[in-house]
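The structure appears below as structure tokens.
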Amino acid sequence: MSNERETILSVRHLVKEFPLEGGRVLTAVADVSFDVRKGETFAIVGESGCGKSTLVKTLLNLHAPTSGEVLFHGEDITKLTGEALRQHYRNVQMVFQDPAAAFDPKMRIEEILAEPLENYGLLEKSKRRQTVEELLLSVELPADFADRYPHNMSGGQRQRVAIARALALRPEIIVCDEATSALDVSVQDSVVRLLARLQRERGITYLFICHDLALVSLFAQRVLVMYLGSVMETLDAARLQEARHPYTQALLASVFPADGAKVIPHTIRGEIPSASDRPKGCPFATRCERCTEICNEKAPALREIAPGHFVACHDEKPCTKR
Amino acid sequence: MEGASGSLLEVRDFAIRYGKKQTVQGVGFSLAPGEVLSLVGESGSGKTSVIRALLGCLGGGGTICGGAALFEGRDLTQLSEEAWKKLRGRELSMIFQDTGAMLNPVRKIGSQFIEYILLHTHSIKTKEEARKRCCTLLGRMNLANPESILGAYPFELSGGMRQRVGIAMALAFHPKLLLADEPTAALDVTTQAQIVAELLRIVRESGTAMILVTHNIGVAACVSDKILVMSGGRVLEYGATQDILHSPKSDYTKKLLASVPTLGGRRYVE
């Protein structure tokens with residue numbers, strides 16, 4: 001695969017603020033910019049409250065951004081309305097964390113999988129059953145699952161149905177919001193393999209929201225680390241262990257090794273501050289072991305320290321920790 | 001398996017059924033004082049049923065239909081409700097996945113914790129003494145401002161703080177055995193690492209034995225002396241942590257270990 005693939009999604013200075021009582025503002029996404037290339041898996045990692053869900057909702061135009069642009073093939077989708085927006089949704093589909101809550105429990109799998117196509121008038125009645133069976137086979141489920149209800153399936157099977165539904169409209173981008181984190185590890189393994197195969201065969205781009213750094217390092221091409229609405233670091237997933245930002249290093253240090261080393265991870269203390277009360281300087285300053293005076297005064301800008309590796313940290317010394 | 005001598009808990013040929021359906025059978029293990037055992041396995045493997053049965057609180061019409069669980073020689077499966085009241089909290093206690101669900105949402109944490117201390121401790125007679133005891137216990141869990149925690153409602157705390165409160169309550173009377181049901185599954189990774197470290201430190205300090213139910217193989221590998229792998233209500237493998245991790249016998253355990261994503265492992269994509 002070539003490295004110079006076309007940019008499919010380009011996010012430019014995206015800001016999303018929510019007004020609070022008393023004129024205060026909650027900044028969920030603070031000036032985020034990144035590019036996603038066609039056919040790659042772009043992972044967004046961070047802990048709860050870091051703004052990753054708001055970022056995704058804004059990317060999908062489920063929220064209007066406060067400012068900034070989201071360019072899909074060069075077109076700003078935040079300006080789309082009405083039918084143009086509805087047609088755009090065909091290009092971007094979602095798979096959610098909880099497959100039990102993602103379906104109408106009263107619909108059979110056939111109806112669930114046919115619905116997106118019928119919404120866009122893309123399904124002839126005579127071909128309905130055949131199309132649904134093809135979708136099921138593409139996610140490695142037996143064709144007769146079409147007659148089942150969601151509650152008659154295991155969590156892994158339901159997640160496969162959710163993927164089949166996302167595939168129905170042949171989208172260019174699929175957003176996976178913690179799509180494998182509710183599954184058992186062996187089921188997660190098979191679902192990730194399925195996602196990887198679909199990507200190879202169809203060139204689908206994944207936006208992969210995940211908090212499991214080990215999984216991200218094995219499945220994604222690019223990783224963006226968010227903290228309190230800001231980008232801390234972006235780098236190639238295969239080089240995740242070369243991460244330089246203290247927050248990314250803390251996330252890496254929180255992974256429990258499964259090799260029997262019996263080392264309890266040593267990580268940062270405390271918890272993420274409230275997004276309605278962002279620190280004036282670096283968002284991570286309150287928990288950072290390497291925090292200095294400038295960190296409390298001025299937010300660091302992202303700078304490129306190696307090709308494709310961007311870090312927002314005032315500390316320029318290469319860190320040997322970890 | 002070792003004999004009963006010197007063991008705190010000895011579970012033999014344990015079986016549980018829900019209605020007519022037998023879901024757990026032939027489960028056996030032993031635990032020495034201060035030892036940490038992890039029950040690992042996938043959802044539906046019966047691991048939660050086992051520890052709930054040990055605390056005598058199986059839900060959903062579940063009953064123990066065979067075997068014995070000897071806790072210091074007493075069979076937990078044969079205890080009266082009166083005898084249970086003396087054991088729970090003091091000798092055996094439990095922490096759940098979300099302590100917030102265990103606490104009363106409309107009462108402040110302080111009033112619930114103080115009540116719990118007063119009910120179970122004869123040496124503490126006044127609310128003031130109980131409050132002091134609560135603060136000490138919360139402080140031990142690295143909670144910075146115990147007074148403000150006592151004045152808060154459960155929903156005002158973050159998941160990690162609530163879980164620390166749950167652990168502080170469970171360990172209030174230095175139980176001999178702590179049962180922990182997925183205590184960190186709902187937490188963020190950095191919080192999970194903090195809480196596992198704190199839990200293990202306190203358990204070691206007070207010499208409490210622990211049975212940890214988890215689906216996180218990494219957590220099990222890092223904290224436990226022994227691991228028991230369950231699937232479909234049966235024990236597939238049981239032994240010392242290092243043996244299970246480095247020379248698993250059953251195909252199921254091998255597959256389970258191979259599916260755990262690790263940093264620097266084999267990538268799914270190019």
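Values quoted throughout were computed directly from the atomic coordinates according to the rules given, and no laboratory measurement underlies them. Source: prediction; values computed, not measured. Because the Cβ atoms are built from the backbone with ideal geometry, glycine has one as well, and the counts that use them run over all protein chains shown.
Brief remarks follow.
- Given charges at Cβ of Lys, Arg, Asp, Glu: the protein assembly as shown dipole, positive-most of A:Pro279, A:Cys176, A:Ala299: A:Pro279
- In sequence order, calculated HN-Hα J values of segment B:195-211 (Karplus, 6.51, -1.76, 1.60; Hz; x Gly/Pro): 6, 4, 5, 5, 4, 5, 4, 5, 4, 5, 4, 9, x, 7, 7, 9, 10
- Using the Cβ-Cβ distance between A:Lys125 and A:Gln87 with R0 = 25 Å, the FRET efficiency computed as 1/(1 + (r/R0)^6) comes to roughly 0.65.
- For chain A, the 222 nm mean residue ellipticity estimated from helices alone, with every DSSP H stretch of n ≥ 4 adding -39500 (n - 2.57) and the total spread over all residues, rounds to -8000 deg cm²/dmol.
- Fewest-first ordering of A:Ile305, B:Ile244, B:Ile16 by other beta carbons within 10 Å of each residue's beta carbon gives A:Ile305, B:Ile16, B:Ile244.
- Remark: segment B:167-181, residue by residue, has Karplus-estimated 3J(HN,Hα) of 5, 4, 5, 5, 9, 4, 10, 6, x, 7, 9, 10, 9, 10, 9 Hz, where x stands for each Gly or Pro and the curve is 6.51 cos²θ - 1.76 cosθ + 1.60 at θ = phi - 60°.
- Between A:Asp76 and B:Glu128, the modelled labels are 6.7 nm apart [label points 7 Å from Cα along Cα→Cβ].
- Trypsin sites (Lys or Arg not before Pro) within segment B:20-91: DSSP coil, no more than 15 neighbouring Cβ in 10 Å: B:Lys20, B:Arg90
- DSSP-loop GluC sites (Glu not before Pro) across segment A:1-60, with at most 12 other Cβ within 10 angstrom: A:Glu4, A:Glu6
- Simple spin-label estimate for B:Ser206 and B:Arg88 in nanometres, 7 Å along Cα-Cβ: 1.8
- Charge dipole (debye, nearest 20) of chain B; +1 at Cβ of Lys and Arg, -1 at Cβ of Asp and Glu: 360
- Cα gyration tensor of chain B - equivalent ellipsoid semi-axes, whole Å, descending: 31, 24, 17
- Residues whose amide H comes within less than 5 Å of that of B:Ala185, counting only those at least five positions distant or on another chain, are absent (H built at 1.01 Å from N in the peptide plane).
- Residues considered: B:His120, B:His174, B:His246. Largest GNM mean-square fluctuation over chain B, using C-alpha springs under 10 Å, is found at B:His246.
- Residue-span extension gain [B:Gln78 to B:Glu115] - 0.36 nm each, minus C-alpha spacing: 10.4 nm
- The modelled label-to-label distance between B:Arg266 and B:Asn104, using points 7 Å beyond Cα along the C-beta direction, is 5.5 nm.
- Rounded to the nearest Hz, the phi-derived 3J(HN,Hα) couplings of segment A:129-137 under the Karplus curve 6.51 cos²θ - 1.76 cosθ + 1.60 (θ = phi - 60°) are 4, 4, 4, 5, 5, 5, 4, 5, 5, where x marks glycine and proline.
- For segment A:7-311, a simple Cβ point-charge model (Lys and Arg +1, Asp and Glu -1, everything else neutral) yields a dipole of about 200 debye relative to the Cα centre.
- Relative to one another, the C-alpha centroids of segment A:291-311 and segment A:121-199 are positioned 41 Å apart.
- Residues whose amide H comes within less than 5 Å of that of B:Cys65, counting only those at least five positions distant or on another chain, are B:Ala15, B:Ile16, B:Arg17 (H built at 1.01 Å from N in the peptide plane).
- Principal-axis tilt of helix B:127-140 within chain B, Cα atoms, nearest 10 degrees: 40
- Structural size metrics of the protein assembly as shown, computed from C-alpha coordinates, are Rg and Dmax of 25.7, 79 Å.
- For B:Ser231, the residues whose amide H sits under 5 Å from its own are B:Leu236, ignoring neighbours fewer than 5 places away on the same chain, with H placed 1.01 Å from N.
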